[in-house]
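Let me begin by presenting the structure, written as C-alpha cells, before commenting on it.
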Amino acid sequence: DRQTLVAVLQFLRRSNLRESEEILRREARLLGDDLGGSVATVATSSPGVAAVAAVPLGKGEARADCGVGLFSRREPREVGSPCAVSSPSSKLTHSGDVIGGAVIVEDQPDVSAVLSAYNQQGDPTLYEEYYSGLKHFIECSLDCHRAELSQLFYPLFVHMYLELVYNQHESEAKSFFERFHGDQECYYQDDLRVLSSLTKKEHMKGNETMLDFRTSKFVLRISRDSYQLLKRHLQEKQNNQIWNIVQEHLYIDIFDGMPRSKQQIDAMVGSLAGEAKREANKAKVFFGLLKEPEFDVPLDDEDEEGENEEGKPKKKKPKKDNVGSKSKKQDPNAPPQNRIPLPELKDSDKLDKVMNMKEAARRVRLGPECLPSICFYTFLNAYQGLTAVDITDDSSMIVGGFADSTVRVWSVTPKKLRSVKTAADLSLIDKESDDVLERIMDEKTASELKILYGHSGPVYGTSFSPDRNYLLSCSEDGTVRLWSLQTFTCLVGYKGHNYPVWDTQFSPYGYYFVSGGHDRVARLWATDHYQPLRIFAGHLADVTCTRFHPNSNYIATGSADRTIRLWDVLNGNCVRIFTGHKGPIHSLAFSPNGRFLATGATDGRVLLWDIGHGLMVGELKGHTDTIYALRFSRDGEILASGSMDNTVRLWDAVKAFEDLETDDFTTATGHINLPENSQDLLLGTYMTKSTPVVHLHFTRRNLLLAAGAYSSQ
C-alpha cells in the first residue's frame, strides 16, 4: 500500500536510518525523492513500541502478523526488514475499507497516532460513555453473539484504563475503574488487583504485567458473524476510541461457523494474553514413543526372589527372550530415532531395563475395579520448609528440597546410602573381581540420610537422573546444581538464570535437563555444558513447572501467565499453546503413550489435552486448592492428582480419553464439548492427616507413592 510505504519511508528518513530507507525503496521500487502523497508528518514513536505499527492491518481481521516488535519484549525488528512491509493478502481486506497506515475512511488519524501506543488523546470524560455504550450494545445483542462479544470487556477495560493513566487523567481513570471493574469475569480478579495499584504514569514504567499487556496482543477468538456485528456497531457509532484499541492491541482470530457458547468460551479463556491463536497449534508434533533398543533378557528359572540385594540377576545361562524387543514396530507418530542425539545405553542401563521388565511382568493392572494402594511418606518437623520432592524411577530413594537451602536424600529400601571410598583406598582394590562395584563402596559411610549443602536459598525443584547416579536441584539463588549420588558432593553449578529457578527435570534418557524460572524462560541444558543449549522464551510470566515428553523431543512448561507451552527441543520453537486455566500452572504430566498431557493449577482444576490435535479434551473438577502433583499410572489407566487441599484423587484416564471428538471442524474452530460432570471419572478421594500433597509416583508395579510435609495448622 503506497500510503503506508510513504509513511514508513518518511519515518526512516527522520530517524536517519538511510540504509533501511534505501533497502525499502528498492524493494518497493520507489525512486528518488518520490515521497509526495498527502500523508501527515510522522512523529517518532514512543519507546517500547516498534515504529512499524503502521504495517497495514487488515482492519482487525486475522492479521498477517509477523511479530512486528509487538509480541516480543526484545528490541523491535529493524524497520527495513522485509516483514515490516508485508502487505496482508488481499483476501483479508474488505472492499470499502481504505487500508492505508491503518487509515480508516471515517476519520484520517495522524500516522503518528498509529505509531505510538497510548498517545491517542481521546476525550477522557467520554471513556465511561464509550465503554458503557459498547456494554449496552453487547448485552442487548442476541444470545449467540453475546457470549463471544463479552470477551471484549476485559481487554478493552484494561487498555482504556491504562490509556487514561498514561495520559495522566488520574481522576477519570479512578472513576472508570470503580465503575466497571466489578463487571469483569471472576478469574481476572488477581490481574485487576495489580491494575488498581497503577494510578500514575510513573507506576507503569516498572510494572512487568502491564508492560506485557501493552506489548503483546490480546487474542480473542470470534465467529465472523459476531465480528461483523461489532464492526458495524462501532462504525455507525463513530466510536473511534474503542475501534483504535481493537485495531492496536487486540488480535481477533476470526473463524467461519457457529458462534461458541458461554461454556465453550469459559473453558478456554482466562490466560494473561487471551486464547492461543489457532495457528499456534497447527504445527506437526511427533508425540509417539521412540523404539526401545533390543537386547537379550536373561530369565531366571526359579522365582526371582533368588536375586542378591543389588537386584542383579544371578549368573545363569541367558535364555533368549523377546521381552527386550517388545516394540518391534515403529510408532507412526514417533520422531525419527536420531532426530535429537540421545546418550548411548551403558551396561548398567541395560541391566536396569531388564529389572524394569521383570517388575513390569508383576505389575498390577489398574482400572475402576482395581485401584492402586497408596503409600504416603509424611515429612515430620519440616516446619513448612519442604519445597520439593522427587522419587527415583525404581523407588529406592526419595529426595526433599528445603527452604533452609539443604537437599536431603533418603534411602527408602533397607539398603543404606554409601559413598565411594577415598582415592587411596580405591587403589588397593582388585579391579578384575566380580563384585568390584560393591568393593568400591565405603561401609563406614552407610546411612539412611545424606544432606547436601551448597545452595544459598530455598530449593524449589529436585530431579533424579534415570540411572540414579546424579541428582539435580534448583534454587532461589538462581542456580541449578548437579550432585553425584556416588560421592554425595556437588559436581557443577549451572548459572544462567538471574532470578529464582522454580523447577528442573532430567530427560527420561538422562544427559539433558530443563529448568524454568522467574525470568520467564525455560532453558535446556546438557550435563557436560556450562551454557544452556536452548532458551525457550515466550511466556509472559514466571515458568513455574517443566516436564519432558516421554520421547525427550519436546518439553512442556507451565507458567504463571496461566498458559502451558510445548517446545520442540530440536529447534527451540513453540509448537503448542494451551489456554484454559484460571491461575498459575503448578503441575504437568504426560501420559505414558505420549499422546496426552494433564495439567494442574491454583484453580483446582485438572485439564487434559490432546497433543496431536492441540485441543483440550477434558476437565476434572473436584480439588478445592492448588494441584501440585499429577502422575499417570505405568500403563496410563489411572491419573492421580495431589493437592494442597490434603487429598489424593484418582481419575479414570481410559474413560477420559476414549471416544474423543477430534473431527476436522473441532480442530479448526476449537468448539470443544466437555462433559458437564467429571464426577463419573473420579474413582476415589483419599484424605491425608492435614498434609498437603507435593509429589506422586507410581512404582514399577503400580503402587502409588505420595509425599508431603505435615502441617500443624
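The values are calculated or read from the model by the stated rules, or taken from the named source; none is laboratory data. None of these values were measured; they are calculated from a predicted model. Cβ placement follows ideal geometry from the backbone for every residue including glycine, while neighbour counts extend to all protein chains displayed. SASA here: full protein model, heavy atoms, side chains in, ligands and nucleic acids out. Shrake-Rupley method; radii C 1.70, N 1.55, O 1.52, S 1.80 Å.
List of remarks:
- Hey, residue 557 over 16 Å from residue 280 (Cα atoms), crowded, with 23+ Cβ neighbours inside 10 Å and in contact with a strand residue (DSSP E or B) (Cβ under 6 Å, 6 or more places away or on another chain) or not: no
- Filtered by the rule that a residue be of a type outside the set (A, V, I, L, M, F, W, C), closer than 26 Å to residue 647 by Cα, buried (at least 20 other Cβ atoms within 10 Å of the Cβ) and over 12 Å from the mean Cα position of the chain (by Cα), the stretch 592-606 gives 602, 603, 604, 605.
- A count restricted to the stretch 609-635 and to residues that are within 29 Å of residue 362 (Cβ to Cβ) and either in contact with a strand residue (DSSP E or B) (Cβ under 8 Å, 6 or more places away or on another chain) or surrounded by 21 or more Cβ atoms within 10 Å (Cβ to Cβ) (or both) stands at 6.
- Residues within the stretch 228-254 that are without any contact (Cβ under 8 Å) to a residue 40 or more places away in the chain and of a type in the set (D, E, K, R), tallied: 2
- Given (1) open to solvent by 10 Å² or more (accessible area, probe 1.4 Å); (2) in contact (Cβ under 8 Å) with a residue 40 or more places away in the chain; (3) charged (D, E, K, R), index of the condition residue 565 fails: (2)
- The set of residues in the stretch 597-614 being among the polar types (S, T, N, Q) and touching a Leu at 6+ places or on another chain (Cβ under 9 Å) consists of 599 alone.
- Residues of the stretch 692-713 that turn out to be touching a Gly at 6+ places or on another chain (Cβ under 9 Å), open to solvent by less than 10 Å² (accessible area, probe 1.4 Å) and in a loop (DSSP other than H, G, I, E, B), as a count: 1
For every residue, the table says whether it meets (1) among the hydrophobic types (A, V, I, L, M, F, W, C); (2) open to solvent by less than 60 Å² (accessible area, probe 1.4 Å).
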residue: 379; (1), (2): yes, yes
residue: 396; (1), (2): no, yes
residue: 399; (1), (2): yes, yes
residue: 409; (1), (2): yes, yes
residue: 415; (1), (2): no, no
residue: 435; (1), (2): no, no
residue: 439; (1), (2): no, no
residue: 444; (1), (2): no, no
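- Boolean, residue 151 is in the same structural domain as residue 263 (by the TED database) and without any contact (Cβ under 8 Å) to a residue 40 or more places away in the chain: no
- Of the numbered criteria (1) more than 28 Å from residue 507 (Cα to Cα); (2) assigned by the TED database to the domain that holds residue 466; (3) open to solvent by 60 Å² or more (accessible area, probe 1.4 Å); (4) not charged (D, E, K, R), the one residue 423 fails is (2).
- Among (1) more than 24 Å from residue 352 (Cα to Cα); (2) in contact (Cβ under 8 Å) with a residue 40 or more places away in the chain - the single one residue 497 does not satisfy: (2)
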